[in-house]
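*Asks:* This is the structure I have questions about; it appears just below.
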C-alpha cells in the first residue's frame, strides 16, 4: 500500500507530497498526523532548509475528508479533527524554515487554508481556489482564520459567503498566491524558488520567519520595539557579520547558519 505522504530531500529542499489522489488529497486524520510528524522532524534536522508542499494526482487538496467526518458523529471526534487541523496549520507557521505550496487543480476548504497558511505559494494556471463549506451547511470557519490573514477582509468574506471558485490569476491579485505559471512549469518554478531561498543563511531565515508572524499580531509601536530587538540579535549573529563583510568585499558569503 502506498504511503499517504511522500517525502524527498534533495539539495536542502524537502518535498512533501500529499498522496491520496483518489480522494483528491483530502486531509484525513492519518494524513494530517503524517504531515505534522514530517514537519516536526524537519524542524529538528539541519538538512532541510526549505519545504515544498505538493499534491499527487489531479488536485492539490480538496479539504477535509467528508466521508471520514460522517463516520463518527460524536462531538469529541469533531473536536479532535479540527484541533488536529489547527495543529497542522500552526506547525507550518512555527516551522523555522520557509514552506512553499505548489498548487495545481483544486485547493478547497482546508486545502485552501493550507495554501493560505504556507509562507509562499506558486500556482499552476489551472489551479482553482474556494471555501465552499457554506454550500453544504458547514461554514469554513477554520479556513477563515488563514484566509482572512492572507487576503483582504472583503475578498475573504466573499469567498466564505458565496463558496464560489476563483481562478489562479484572481488568487494572485488577492495575494493568496505569489506566482502563477503554466502547469508544465509548476514543479520547476517551485523548485527554483525553493533553491533561491535555500541558498540564504538558515539562521537568518529562521529569525526572519518567526519575526514576521509575531510582529503581525502586535500594535504598531510594539511591532517596532520587537523588530528592533530582532534586528539587534540578528546583527550580532555570525552570518550577519559574514554577509555584510562579503557584500563590502564584493564576494559570495559563506554561511555558518548561526
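The values are calculated or read from the model by the stated rules, or taken from the named source; none is laboratory data. Because the structure is predicted, anything quoted here is derived from the model rather than measured. All Cβ positions, even for glycine, are placed from backbone atoms using ideal geometry, and neighbour counts span all protein chains on display.
*Asks:* Any idea how many residues of segment 119-130 are within 18 Å of residue 92 (Cβ to Cβ) and buried (at least 24 other Cβ atoms within 10 Å of the Cβ)?
*Replies:* Here the count works out to 4.
*Asks:* Would you point out which residue out of 218, 176 is assigned to a loop (DSSP other than H, G, I, E, B) and assigned by TED's automatic domain parsing to the domain that holds residue 58? Give the derivation first.
*Replies:* Working: 218 fails: assigned by TED's automatic domain parsing to the domain that holds residue 58.
So the residue among 218, 176 that is assigned to a loop (DSSP other than H, G, I, E, B) and assigned by TED's automatic domain parsing to the domain that holds residue 58 is 176.
*Asks:* When you go through 109, 121, 146, 127 one by one, which is the residue that is in the same structural domain as residue 57 (by TED's automatic domain parsing), on the phi > 0 side of the Ramachandran plot and in contact (Cβ under 8 Å) with a residue 40 or more places away in the chain?
*Replies:* 109
*Asks:* If you don't mind, another one. Would you confirm, using the coordinates I've provided, whether residue 192 is assigned by TED's automatic domain parsing to the domain that holds residue 63 and buried (at least 17 other Cβ atoms within 10 Å of the Cβ)?
*Replies:* On the way: assigned by TED's automatic domain parsing to the domain that holds residue 63: yes; buried (at least 17 other Cβ atoms within 10 Å of the Cβ): no.
When the stated conditions are applied, residue 192 does not pass them.
*Asks:* What is the one condition in (1) buried (at least 16 other Cβ atoms within 10 Å of the Cβ); (2) touching a residue at least 40 places away in the same chain (Cβ under 8 Å) that residue 230 does not satisfy?
*Replies:* All conditions pass for residue 230, except number (2).
Table: residues versus (1) within 17 Å of the chain's Cα centre (by Cα); (2) at pLDDT 95 or above.
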| site | (1), (2) |
| --- | --- |
| 65 | no, yes |
| 71 | no, no |
| 80 | no, yes |
| 92 | yes, yes |
| 108 | yes, yes |
| 117 | yes, yes |
| 123 | yes, yes |
| 126 | no, yes |
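*Asks:* Which residue out of 157, 144 is surrounded by fewer than 22 Cβ atoms within 10 Å (Cβ to Cβ), in a helix (DSSP H, G or I), at pLDDT 95 or above and under 18 Å from the mean Cα position of the chain (by Cα)?
*Replies:* So the residue among 157, 144 that is surrounded by fewer than 22 Cβ atoms within 10 Å (Cβ to Cβ), in a helix (DSSP H, G or I), at pLDDT 95 or above and under 18 Å from the mean Cα position of the chain (by Cα) is 144.
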